[in-house]
Amino acid sequence: MPGEAPRDPSPNPSPQGGGEIRSVAVVDIGKTNAKVTLVRAADAVELAHRTVPNHVVSDGPYPHFDVAQLWDFILDSLAALSREAPIDAISLVTHGAAGAFIDAVPQGDGLALPVLDYEFTGPDELAEEYDDVRPGFAETLSPRLPAGLNLGAQIFWQERRFPEMAGDAHAYVTYPQYWTWRLSGVAATETCSLGCHTDLWRPRAATWSGLVERRGWQRIFAPLRPPFDVLGPVLPALAERLGLKPDTRILCGIHDSSASLLPHVIGKEPPFTVVSTGTWTIVCAVGGDVGRLDPKRDTLAYVTPFGDPVPAARFMGGREFEQLAGHDPKTPTAEELDRVIADRVMALPSFVPGVGPFPDRKGHWSHDPQSLTPGERTAAASLYLALMTAEAMACAGAGGPTIVEGPHGANDIFSAALSAITQRAVRLSQGTGGTSRGAACLVDLNGRLPTAEGPPVAPQTHAGLSGYVEHWRAVAG
């Protein structure tokens with residue numbers, strides 16, 4: 001039976017066994033891309049990395065993640081990176097809203113059922129029945145989301161549609177722990193992945209939700225382990241195949257948003273706000289009040305590796321930006337940005353339905369997008385990203401300075417507009433990505449992996465921006 005994950009403000013100052021950790025291989029599986037990064041443990045410097053698109057496979061019982069392709073990529077990358085420097089530990093970080101029914105041992109892919117793609121709408125078939133059994137927001141701090149974005153809805157649907165396969169499974173594991181199980185042979189679940197809009201966890205009580213208790217799911221979940229636990233050494237056959245040391249440590253693993261938070265919650269005094277960008281834009285208001293969250297605006301609580309809930313809000317910023325600016329966005333000229341602001345060329349929410357601060361709105365342009373230059377589209381998309389991020393920050397009750405992590409930190413229009421709109425300091429995280437740094441930080445929570453940040457971004461000073469913002473809010477809201 002699973003136990004309770006400990007709440008310990010200073011857990012294992014150094015991982016169990018094996019001596020000093022000099023380099024960590026971080027396996028980061030995002031919704032769009034997967035990446036394996038070799039990180040120097042002393043200062044979080046990225047030594048080398050490899051990346052690959054993360055595909056969804058449409059054959060089989062339902063759309064699912066291509067774990068075979070990902071596994072081959074992980075193994076090839078570990079073998080290649082181990083030739084760059086000895087790998088002392090492997091740390092896993094993945095997107096949320098995913099988990100796996102697994103067999104007793106990791107042979108083949110080890111799956112009793114494929115890992116469901118959370119954008120698959122199949123779980124909506126049982127939405128009314130699921131709504132009758134899921135807990136309220138006050139208990140789980142988990143909003144009701146479409147498709148498979150609530151992990152509890154996935155499990156409910158899989159049990160009903162595939163009772164024999166689900167029933168024959170040895171255990172259920174959260175997604176980072178599927179990969180650590182394949183690397184170590186030890187099955188686990190962890191609370192950061194359970195605490196991200198799953199309906200499965202009570203963040204304030206640090207225990208299973210009423211849904212798990214009513215459905216009797218405690219029996220299927222693998223034992224709870226903190227994300228910084230060492231599950232064991234890498235499996236001997238993998239060590240030999242990949243050229244890894246036999247005592248290479250496999251850490252339990254962590255959800256990506258919690259990984260991004262980790263270096264900050266260790267080293268900063270709240271309040272402050274972390275904006276993690278990628279396929280999703282995640283706003284975490286460290287030091288905020290989870291009691292003021294509004295589930296109708298896609299707010300929720302994430303859970304730190306120490307078990308503490310953090311108020312948050314989110315939207316699919318990367319996905320929407322790509323829809324608006326295209327696959328190959330063009331950098332706007334100053335004249336193009338000026339025209340967009342002066343003419344109030346706007347993208348209005350939401351271009352991914354069912355999520356974000358405006359989940360029930362249908363996204364549209366104020367002007368015919370075909371009449372815009374590629375640079376003008378990018379400028380309008382960047383301002384949209386800043387406005388939506390500011391809305392998400394307000395929904396989460398964000399306070400203090402803002403740290404932006406991930407790919408959109410390189411978008412100067414976005415960061416300058418965000419500073420101007422929120423009227424607070426915005427700094428850009430530098431060096432190794434936030435998720436990779438956080439996952440590497442798991443090897444030693446009392447270590448010193450710096451959260452390198454640049455100077456405050458200069459706010460956007462365009463004379464028409466305040467009117468642009470007021471008009472967008474009036475039309476969007």
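Couple of notes before you dig in:
- When you filter the trypsin sites (Lys or Arg not before Pro) in the stretch 154-187 for DSSP loop state and at most 11 other Cβ atoms inside 10 Å of their Cβ, nothing is left.
- Whole-Å distance, taken between Cα centres, linking the stretch 366-433 and the stretch 265-286: 14 Å
- Averaging Cα coordinates gives a centre for the stretch 183-254 and one for the stretch 289-343; these two points are 29 Å apart.
- For T94, T37, T389, order by how many other beta-carbon atoms lie within 10 Å, fewest first: T37, T94, T389
- Annotation: amide H of I403 within the under-5 Å range of T273, V274, V275, R427, sequence separation 5 or more or interchain, hydrogens built in the peptide plane.
- Dipole magnitude of the stretch 23-252, debye to nearest 20 (Cβ charges: Lys/Arg +1, Asp/Glu -1, about Cα centre): 600 debye
- Between helix 67-82 and the chain there is an angle of about 80 degrees, using the helix long axis and the longest principal axis of the Cα atoms.
- Taking 0.36 nm per residue of separation and subtracting the Cα-Cα distance, full extension of the segment from D168 to R40 would add 41.9 nm.
- Whole-Hz Karplus values for the stretch 405-410 come out as 10, x, x, 6, x, 7 Hz, taken residue by residue from phi with 6.51 cos²θ - 1.76 cosθ + 1.60 and θ = phi - 60°; glycine and proline positions read x.
- Charging the Cβ of each Asp and Glu at -1 and of each Lys and Arg at +1, and nothing else, the dipole of the chain about its Cα centre rounds to 720 debye.
- Under the criterion of Cα pairs below 8 Å and six or more residues apart, the relative contact order for the chain equals 17 percent.
- Distances between placed amide hydrogens fall under 5 Å for G232 paired with I250, all partners being 5 or more residues away or on another chain.
- Of the residues A417, A394, L445, the one whose Cα sits farthest toward the positive end of the charge dipole of the stretch 368-471, with +1 on the Cβ of Lys and Arg and -1 on the Cβ of Asp and Glu, is L445.
- Farthest toward positive dipole pole in the chain [+1 Lys/Arg, -1 Asp/Glu at C-beta], among A237, L70, T304: T304
- Segment A463-R361, extension gain: residue separation times 0.36 nm, minus the distance between their alpha carbons: 33.8 nm
No value in this document is a laboratory result; all are computed from the given coordinates. Just so we're clear, the structure is a prediction, and the values are computed from it rather than from any experiment. Every residue, glycine as well, gets a Cβ built from its backbone with ideal geometry; the counts of neighbours run over all protein chains shown.
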